[in-house]
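Beneath this line is the structure, given in structure tokens, with notes to follow.
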Amino acid sequence: MENEIVLPKHVGIIMDGNGRWAKKRGLKRSFGHKAGAKNLESLLKHIFKRGIPYVSVYAFSTENFNRDEEEVNYLMDLFVKYFNKKKSVFIKNGIRVIVSGSRENLREDVIDGIKNLEDCTKEFTHFTFNICLNYGGRMEIVDAIKKISQKIHNNELKLDDVNEELVSHYMYKDLPDLDFVIRTSGEQRISNFMLWQSSYAEYYFPDVLFPDFNEKEFDKSLEIYNKRNRRFGGV
Ligand code: FPP
């Protein structure tokens with residue numbers, strides 16, 4: 001069974017349900033985020049160990065800035081702590097970490113943490129962990145259009161050069177298409193997550209809240225992915 005399973009090359013996870021996880025336990029939302037971060041650690045290790053080379057997670061959307069200041073600050077502190085604490089683990093395991101999103105409105109310490117982590121892991125090629133932070137899928141496409149238009153304006157590109165492959169190169173990070181996107185907590189929405197890269201992705205919406213979406217749940221998801229018949233528009 002293990003050997004027969006087809007692995008997606010690029011998995012995306014919309015880590016939803018941290019707040020509800022905490023509420024169910026009578027705790028503050030921040031406890032849910034802390035539990036989510038802890039879960040992400042073991043889950044990531046498991047996914048890479050299974051041989052999946054690209055993992056993208058939705059950590060903070062541009063819209064998440066509309067949350068309570070206390071929650072936003074808690075999350076930013078959590079990201080900074082996570083970047084610093086996990087740096088050696090990423091390096092030891094040869095994992096390249098990249099952060100997709102706008103740097104606008106981000107705190108200086110978050111930007112520094114991102115730069116440092118990206119820089120220390122940039123040589124690794126086997127595994128890539130992409131964190132979508134201050135990220136919006138439509139804005140990513142708008143930003144790509146601006147960059148391409150500027151190149152055309154400067155005569156560095158011709159209009160005829162613009163095709164799907166070229167546009168992919170102008171996304172925040174040059175990543176392969178997503179094969180499989182999982183959104184935890186039962187919500188069945190995309191919420192602006194990697195719109196360009198998920199054109200042909202299979203979607204799965206388990207009812208499990210993210211802090212409980214463990215290795216076993218991930219393996220269950222992989223089995224479901226394997227039952228899907230991906231035709232890419234063919235017959
Ligand atoms: C959505 O659940 C979750 C978030 C907005 C934050 C995700 C962040 C983590 C899992 C922390 C770890 C990440 C890194 C990169 C260290 P929600 O709060 O919307 O939950 P709810 O829908 O139940 O309210």
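If I ask for residues that are among the polar types (S, T, N, Q) and part of a loop (DSSP other than H, G, I, E, B), which ones from segment 139-191 would you list?
Let us first name the residues in segment 139-191 that are among the polar types (S, T, N, Q), namely 149-150, 154-155, 163, 168, 184-185, 188, 191.
Asn154, Asn155, Asn163, Gln188, Ser191, listed by residue number.
Among the residues of segment 192-234 satisfying the criterion of being assigned to a strand (DSSP E or B) and either out of contact with any helix residue (DSSP H, G or I) (no Cβ under 9 Å at 6 or more places or on another chain) or of a type in the set (D, E, K, R) (or both), which is nearest to the ligand (Cβ to nearest atom)? Reasoning before the result, please.
Narrowing segment 192-234 to residues assigned to a strand (DSSP E or B): 202-204.
When the remaining residues are screened for being either out of contact with any helix residue (DSSP H, G or I) (no Cβ under 9 Å at 6 or more places or on another chain) or of a type in the set (D, E, K, R) (or both), the result is 202-203.
Numbers: Glu202: 21, Tyr203: 17 Å.
Residue satisfying both the conditions and the ranking: Tyr203.
Against the conditions (1) among the β-branched types (Val, Ile, Thr); (2) more than 11 Å from the ligand (Cβ to nearest atom); (3) not in a helix (DSSP H, G or I), where does Ile111 fall short? Just the number, please.
Looking at each condition in turn, Ile111 falls short on (3).
Here, each number is a calculation from the coordinates, and none is a lab measurement. Since we're looking at a predicted model, the values are computed, not measured. All Cβ positions, even for glycine, are placed from backbone atoms using ideal geometry, and neighbour counts span all protein chains on display.
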